[in-house]
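> Okay, here's the structure, questions in a sec.
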Amino acid sequence: MTGLKRILVTMVSLSLMSILQTLVLPRIGFLIALPNLLLIIVMASGFLFGKAYGLFVGVLTGLLIDVIGTGTPGFHALILMWIGYADGFLSEKMESEIIPVLYLILLANEVLYHLYQFVFGFLIGAKFPFLPYLKETVIPETLLTLVVFLPIYGLLLFISKRWDLKINKGEVKVV
């Protein structure tokens, strides 16, 4: 039953965050960039539930982004798969509640995600200057993602503990 609850929490989280990221947040006029809510879900899934689950959620989220954004199938799935797996690997080495470490990992995830997008999405297809991309997209999105990370991660951690889901490596039960 725990696996079913975990999948339910993930599906609801992905649905809500994709609706927020694609339909609600773009309509808010004062935002200069949009936080990457789906990357937060991938990171949280990998960090809370381990490598295999992070990989699964990364592929699922990447395919969802590819379908919504009409991108090349598998483009986002590839990078998010690796991010989810790496976060799951890191979860085996450290606690899931050390906030400064989580922020550093999220920052690394954002940088890797945008670097991947720039190199394989823009640079190969056309010449696109890196500094304007960094200044106008990467930095504002990263800052907004860091701001909204803690409430989203905290909520997922709370739900995981409340529903008695297995956290980290699939071995430790949090009661």
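Every number here is computed from the coordinates shown, using simple stated rules; none is lab data. Quick caveat, the model's predicted, so the values are computed rather than measured. Reconstructed Cβ throughout: ideal geometry from the backbone, glycine too, with neighbour counts over all protein chains shown.
> Can you give me the long-range amide H partners of N36? Hydrogens built in the peptide plane at 1.01 Å from N, cutoff under 5 Å, separation of 5 or more residues or another chain.
Answer set, sorted by chain and number: T145.
> OK, next. What is the order of I159, I7, I28, I152, fewest Cβ neighbours within 10 Å to most?
On the way: I159 16, I7 13, I28 8, I152 20.
In increasing order of surrounding Cβ atoms, one gets I28, I7, I159, I152.
> Sorted from fewest to most neighbouring beta carbons within 10 Å, what does the list V111, V9, V57 look like?
V111, V9, V57
> With everything on Cα atoms, drop me the angle between helix 2-19 and the longest principal axis of the chain, reported from 0 to 90° to the nearest 10.
Helix 2-19 sits roughly 30 degrees off the main axis of the chain.
> Could you compute the net charge surrounding I79? Neighbours are other residues with a C-beta less than 13 Å from the C-beta of I79; K and R count +1, D and E count -1.
-3
> With 10 angstrom as the radius, rank M81, M11 by how many other C-beta atoms surround their C-beta, starting from the fewest.
M11, M81
> Obtain the nm distance between the two label points defined at V12 and L155 by a simple spin-label model: each point lies 7 Å from its Cα along the Cα-to-C-beta direction.
Inter-label distance under the simple model: 1.1 nm.
> So, one more: For the chain, what is the largest minus smallest coordinate of the Cα atoms on each principal axis, given in angstrom and ordered from greatest to least?
That works out to 51, 31, 30 Å along the principal axes.
> Further question: Apply the Debye scattering formula to segment 16-100, with a single equal point scatterer on each alpha-carbon and no solvent, then give log10 I(q)/I(0) at q = 0.26 Å⁻¹.
-1.12
> Using only the alpha-carbon atoms, how far is helix 75-93 inclined from the longest principal axis of the chain? Give it as 0 to 90 degrees, nearest 10.
40
> Restricting to lysine pairs 8 or more places apart or on different chains, what number in the chain have Cα atoms under 28 Å apart?
Going through the chain pair by pair, I get 18.
> Work through the residues other than L155 whose Cβ is under 14 Å from its Cβ and net out their charges, Lys, Arg +1 and Asp, Glu -1. Don't skip to the end; give the middle numbers.
Details: positive: K161, R162; negative: E97.
Neighbourhood net charge equals +1.
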